[in-house]
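Report on one structure; see the data block that follows.
Only the coordinates and a few stated rules stand behind these numbers; no lab work does. The structure presented is a predicted model; accordingly, all values stated were derived computationally and were not measured. Ideal geometry is used to build each Cβ from the backbone, glycine not excepted, and the neighbour counts take in all protein chains shown.
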Amino acid sequence: MRKKSLLAAVASVGLLTALSSASAHAAAPAPTSAASALACGNWSVANDWGFASGTNCNGTLVDGTVTDNNADGRCPYVRGYKLSGAYDDSDWAGPKGDSSPVRVNATESDPFVRFSLRAIYC
């Protein structure tokens, strides 16, 4: 008889521990992702040979599209200038009517400060 009551007591304590542990985990707030905390805004640049637009989150995550507007032998791309003076270039679009993704990245310590639409001859 002692074995049965001891086993029942151990099982009860184990169940209470599991329940209190589960409720402690349920009460903890859900972690927020870094992306949800970013401040994002829209950007766009245009000139005679192309157009580009997208989003810029905290100057570090830049995403969008560049489009070639003219059949002039130039293929546009976006250049993101960083605080340090360094830059990063997107893929280029071309020929006329073609679009390419703009995906350039910077660090928090050296974020993008401006964008320009440039072109290569293609």
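Taking 8 Å as the Cα distance limit and 6 or more residues as the minimum spacing, I'd like the relative contact order of region 39-121 as a percentage.
32
If we count every other residue with Cβ under 11 angstrom of residue 90's Cβ, Lys/Arg +1 and Asp/Glu -1, where does the sum land? Could the numbers behind the result be given before it?
On the way: positive: 79, 103, 118; negative: 63, 88, 89, 91.
Net of charged neighbours comes to -1.
Work through the residues other than residue 74 whose Cβ is under 13 Å from its Cβ and net out their charges, Lys, Arg +1 and Asp, Glu -1.
Within the 13 Å Cβ shell, the charges total -2.
Taking the number of other C-beta atoms within 10 Å as the exposure measure, put 51, 112 in order starting with the fewest. Walk me through the numbers before you get to the answer.
Details: 51 17, 112 23.
Least to most surrounded, the residues fall as 51, 112.
What relative contact order, as a whole-number percentage, does region 54-101 give when Cα pairs under 8 Å and 6 or more residues apart are counted?
Once divided by the residue count of region 54-101, the mean separation gives 38 percent.
Classify region 39-121 as rounded, prolate or oblate from the Cα gyration tensor: take a ≥ b ≥ c as the square roots of its eigenvalues, call it rounded if a/c is under 1.5, otherwise prolate when a/b beats b/c and oblate if not.
Working: a/c = 2.58, a/b = 1.92, b/c = 1.34.
Prolate, because a/c is 1.5 or more and a/b exceeds b/c.
For the residues 121, 87, what sequence is obtained by ranking on other C-beta atoms within 10 Å, fewest first?
121, 87
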